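The values are calculated or read from the model by the stated rules, or taken from the named source; none is laboratory data. Given the structure is predicted, the values throughout are model-derived calculations rather than measurements. Cβ placement follows ideal geometry from the backbone for every residue including glycine, while neighbour counts extend to all protein chains displayed.
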Amino acid sequence: MSWPLVALKDCCTVVGGATPKREVEAYWDNQDIPWVTPKDISKIKSIYFDDAPEYISQKGFDSCAAHKLPKGSLLLTSRAPIGNVAITTRELCTNQGFKSLVPNENVDIKYLYFCMLYSASRLDNEGNGATFKEVSKKVVEAFKIPLPPLETQKQIAAVLEKADQLRKDCQQMEQELNSLAQSVFIEMFGDPVTNPKGWEISALDSIASVQLGKMLSSKSKQNVNPKKYLRNANIQWREVGIDDLLEMDFNEKEMKKFRLQRGDLLVCEGGEIGRCAIWNEQVQDCYYQKALHRVRINPQFLTSEYLQEYFFWMAKLGGLVNSTNEVTFKHLTAEKMNKLKVPLAPISKQKEFSEIYTSIRSELNNNAELMKEADAAFGAIMQKAFKGELNL
């Protein structure tokens, strides 16, 4: 059964927002009314929005065209980007980046949330603007959504909320596992910048082989013996992305020099310096570009997992600041890379950490598969729900 399509103006009140003048201190000096921007709801995990990082005074509210949204309204961003949504749990107002919805008595707020989430790309297609896309109040008011009877709306919302919670449970598990890996390292070895446990210090070039990759040039793109290679963009923290590998030519000498081996650590030379990941032969016969350092450890002194976390914490805690060349861009040169001071925890302890880390990564990979399944299931249920095909 397909549900009747109803314009939002016929089932909701569309409410815009505004910004008081920043230069008037009296408009911002009292926390009278929560004031929301699109950025504030861009990364929230819940379907609800509880509080705003900024407030305006009653004078500020009175000075502009802002409107108060009652509890149980739907925040709907109309630009930067179009279509982000959240349900308000208290009275608040917004800036001009919203065309929020106050539903009438025939609309369930959770149904409206999921319906607009499902319709976000369709609404985005209605946007226009030279500098950035935006949807006007008129466009939002005319935008049509499927609207079944109220009781059916509530049933649909309940099914979608359960499916959505499965996705969020997977996301929460991912956060917890990543936090666990990080906290285990600090607990076992301490902060590598200050070395509170007093481990022996060694220069990186004494315990590993460090080498930059092949220089990219037009001569290397002649389609003569092309090979896949990694570049800066393929390396994220603890992850090697292989979905968009490029190719360039490598001769026999270069193949021997730049071929990656299992356990190599790839470290970004520029951009977010120090960002790194372990190569586990995700694809066969792969090489790397000059934007990356390849660190090949001496297993007598290091494990790849230990060194990877060393770089993570050095970058996070500022330990690489003095190791960068800041003349033009930030670069971790080969010379400075080789002289990095690495706390040498006992190899037995490093191996113990590597086993724990590998176990956590296995759990993360399993969780990633569950997340894919949960995302696919949620998408399929949403599609059926708003086409009137969901068995309730």
Residue by residue through the stretch 227-238, note down the ones that are assigned to a strand (DSSP E or B) and either modelled with pLDDT under 95 or at positive phi (or both). none
Applying the selection to the stretch 350-392, what residues are acidic (D, E) and either surrounded by 15 or more Cβ atoms within 10 Å (Cβ to Cβ) or in a helix (DSSP H, G or I) (or both)? E352, E355, E363, E369, E373, D375
Need the failing condition index for G60 against (1) surrounded by fewer than 22 Cβ atoms within 10 Å (Cβ to Cβ); (2) in contact (Cβ under 8 Å) with a residue 12 or more places away in the chain; (3) over 25 Å from L147 (Cβ atoms), just the number. (1)
Can you tell me which condition A157 does not meet? The list is (1) hydrophobic (A, V, I, L, M, F, W, C); (2) more than 30 Å from I360 (Cα to Cα); (3) not assigned by the TED database to the domain that holds A385, and all the others hold. (3)
Within the stretch 33-56, which residues are surrounded by fewer than 17 Cβ atoms within 10 Å (Cβ to Cβ) and of a type in the set (V, I, T)? I44
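Results for (1) in contact with a strand residue (DSSP E or B) (Cβ under 7 Å, 6 or more places away or on another chain); (2) of a type in the set (V, I, T); (3) more than 22 Å from K341 (Cβ to Cβ), shown as yes or no for each residue.
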residue	(1), (2), (3)
S217	no, no, yes
V224	yes, yes, yes
K227	yes, no, yes
E247	yes, no, yes
R275	yes, no, no
Y288	yes, no, yes
M314	no, no, no
Here the residues within the stretch 112-169 that are among the charged types (D, E, K, R) and over 18 Å from T77 (Cβ atoms) are K144, E151, K154, E161, K162, D164, R167, K168, D169
Taking Q308 and the conditions (1) in contact with a helix residue (DSSP H, G or I) (Cβ under 8 Å, 6 or more places away or on another chain); (2) buried (at least 20 other Cβ atoms within 10 Å of the Cβ); (3) polar (S, T, N, Q); (4) under 29 Å from L180 (Cα atoms), which numbered condition does it fall short on, given that it satisfies the others? (1)
Scan the stretch 83-135 for residues that are under 27 Å from A158 (Cβ atoms) and among the β-branched types (V, I, T) and jot them down. V85, I87, T88, T89, V102, V107, I109
Has the stretch 285-305 got at least one residue that is assigned by the TED database to the domain that holds K221 and in a helix (DSSP H, G or I)? yes
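Yes or no, residue by residue, for (1) at pLDDT 95 or above; (2) under 25 Å from D375 (Cα atoms); (3) assigned by the TED database to the domain that holds E161; (4) assigned to a helix (DSSP H, G or I):
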{"site": "K59", "(1), (2), (3), (4)": "yes, no, no, yes"}
{"site": "H67", "(1), (2), (3), (4)": "yes, no, no, no"}
{"site": "L75", "(1), (2), (3), (4)": "yes, yes, no, no"}
{"site": "V85", "(1), (2), (3), (4)": "yes, yes, no, no"}
{"site": "Q96", "(1), (2), (3), (4)": "yes, no, no, no"}
{"site": "V107", "(1), (2), (3), (4)": "yes, no, no, no"}
{"site": "Y113", "(1), (2), (3), (4)": "yes, yes, no, yes"}
{"site": "M116", "(1), (2), (3), (4)": "yes, yes, no, yes"}
{"site": "L123", "(1), (2), (3), (4)": "yes, yes, no, yes"}
Neighbours by Cβ (under 6 Å, 6+ apart or cross-chain): first from the stretch 167-183, in contact (Cβ under 8 Å) with a residue 40 or more places away in the chain; second among the hydroxyl-bearing types (S, T, Y): A181/Y357
Report every pair of residues separated by at least 6 positions or lying on different chains whose Cβ atoms are under 6 Å apart, first residue within the stretch 138-158 and farther than 25 Å from G16 by Cβ, second outside any helix (DSSP H, G or I) and charged (D, E, K, R). Q153/D108; K154/D108; A157/D108
Taking the stretch 184-206 and keeping only residues that are among the charged types (D, E, K, R), in a loop (DSSP other than H, G, I, E, B) and at pLDDT 95 or above, one is left with K197
